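Below: one structure, written as structure tokens.
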Amino acid sequence: MGVSKIVNRFVTAERALRTAAPDELLDAVRRVLAEEYAAESVELFLADYGLTVLQPVSELPYTTEPVSLHNSTVGRAFGAQEAFVESAPGGAARVHLPVTVRGDRLGVLSVALPDGDVVPGVLAELADIAEVLGHEVVVAERDTDVYLQARRKDRLTLAAEMQWQLLPGRSCARREFELGAQLEPAYAIYGDNFDWSATADHLMLYVTNGMGEGIEASLLTNLAINALRNARRAGIALADQAALADQAVYAHYQGRCYLSVLMFDFELATGRAKVVDAGSPQLLRLRDGVVERVTFEAQLPLGMFEETDYTTQQFQVEPGDRLVFVSDGVYAVASPKGEAYGDAALARAVMSTRLLPAAEVPRAILRELTGHRGQPAPDDDALVVCLDWRGR
């Protein structure tokens, strides 16, 4: 009977979420949690673009205060990716549950329950419901702006709006690997970008460093990324993907604008990778406690000249490797005294974040970069991507 009750409650919650209107997911989960679990209140918090606060989903104009991602109980659940229970007045309890979809950290669902003794079974049920809610939020974003609006604590520039819409997500997890990435300035990014796609046998990863500023930089990156995706989805090999994207960019800009990209095609079964290095993004590898910069044969950026030929190089990753990719807005950024961040500082940052999960590493490295820069707002785009390789 206990198992039947658990299944029935979960099915009821899942059905309520799947049949709710895209903009009414929070109302639906509130109703079902009140009816099935006697929840006194339910709140959904979504991580903002800068990964500094968790924004509550509420009605426009938003008047509810955001919650710090770094020093709050809600932020603790987000960072640890584990349910966290805190006591509330009157013997009640508030349960904070990470809302995550295949490793992509969206936010936290907070549920206030009248019974302070939250048993493990109930906690597991609520965690499953939070996961279903996450999936439904991702699907709902095709049809409503409610959740995209809730994620922003400031207004995005038009260029930043275009860049964030172009991204696959900010993190991803499978049994073979974990990925995390972050862009700065989050609300005014314009040229840097990343893209990834996984199949049963391969992971393709692109790290791009666009030239220019504002809308022009964003348009260039959009053209290049969509050209790469078009070629990838046609089943074309990595070097030919680069060549076709190069032709697309050159045909439009005639060499006036071009784009740097570092491209990888990993075999999930073996860790062997094919690489095209067409520009400025750099790679550092952490293996067995040692950080080293990995270099490849440099080739021309996409769109610099007409009909450039590209060739792939071979690269091997081993289980336990951490790869950190950075744009020139990271390694070339200058301190107030004019000192570049450079390889040594980057290596220290990679070492100091070695115990963090891949999804947390980019944000932590960018925080250290802010200290070196001496000012909160960067002059150039800064991109960090972290790949933890587990292998099979």
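Within the range 168-186, residues that are basic (Lys, Arg) reach partners that are in a strand (DSSP E or B) with beta carbons closer than 6 Å, at six or more positions or on different chains, in the pairs Arg170/Ala181. For the range 239-257, the count of residues that are in contact (Cβ under 8 Å) with a residue 40 or more places away in the chain, part of a loop (DSSP other than H, G, I, E, B) and either in contact with a Gly (Cβ under 7 Å, 6 or more places away or on another chain) or more than 30 Å from Arg175 (Cα to Cα) (or both) is at least one.
The residues of the range 195-220 that are open to solvent by less than 50 Å² (accessible area, probe 1.4 Å) and within 26 Å of Phe177 (Cα to Cα), listed by number, are Asp195, Trp196, Ser197, Ala198, Leu203, Met204, Leu205, Tyr206, Val207, Thr208, Asn209. Name the single residue that is nearest to Asp328 (Cα to Cα) among those in the range 277-300 being within 22 Å of the chain's Cα centre (by Cα) and open to solvent by less than 10 Å² (accessible area, probe 1.4 Å). So the residue we want is Pro281.
Remark: pairs (first residue in the range 65-76, within 12 Å of Pro98 (Cα to Cα) and open to solvent by 30 Å² or more (accessible area, probe 1.4 Å); second residue modelled with pLDDT of 90 or more and of a type in the set (S, T, N, Q); Cβ separation under 9 Å; 6+ apart in sequence or on different chains) = Thr73/Ser110.
What are the residues in the range 301-334 that are assigned to a loop (DSSP other than H, G, I, E, B), over 27 Å from Arg256 (Cβ atoms) and either open to solvent by less than 20 Å² (accessible area, probe 1.4 Å) or β-branched (Val, Ile, Thr) (or both), if any? Thr312, Val317, Asp321, listed by residue number.
Quick check on the range 101-122: of everything there that is surrounded by fewer than 21 Cβ atoms within 10 Å (Cβ to Cβ) and part of a strand (DSSP E or B), which residue is nearest to the chain's Cα centre (by Cα)?
Step one: of the range 101-122, the residues surrounded by fewer than 21 Cβ atoms within 10 Å (Cβ to Cβ) are 101-104, 112, 114-122.
This time we only want the ones that are part of a strand (DSSP E or B), so: 101, 104, 112.
Numbers: Val101: 11, Asp104: 6, Ala112: 29 Å.
Per the criteria, the residue is Asp104.
Answer yes or no as to whether Asp246 is at pLDDT 95 or above, surrounded by 20 or more Cβ atoms within 10 Å (Cβ to Cβ) and in contact with a Pro (Cβ under 7 Å, 6 or more places away or on another chain). In short, no.
Quick one: would you say Ser260 is surrounded by 22 or more Cβ atoms within 10 Å (Cβ to Cβ) and over 20 Å from Glu306 (Cα atoms)? No, not satisfied.
Screening Lys274 on (1) surrounded by fewer than 20 Cβ atoms within 10 Å (Cβ to Cβ); (2) in contact with a helix residue (DSSP H, G or I) (Cβ under 6 Å, 6 or more places away or on another chain); (3) assigned to a helix (DSSP H, G or I) shows it passes everything except condition (3).
Residues in the range 134-154 that are acidic (Asp, Glu), assigned to a loop (DSSP other than H, G, I, E, B) and open to solvent by less than 70 Å² (accessible area, probe 1.4 Å): Glu141 alone.
The values are calculated or read from the model by the stated rules, or taken from the named source; none is laboratory data. Here the structure is a predicted model, which is why all the values come from computation and not from measurement. FYI the Cβ positions are ideal-geometry reconstructions off the backbone, even for glycines, and counts take in every protein chain you see. Note: areas computed on protein heavy atoms with side chains; ligands, DNA, RNA excluded. Shrake-Rupley method; radii C 1.70, N 1.55, O 1.52, S 1.80 Å.
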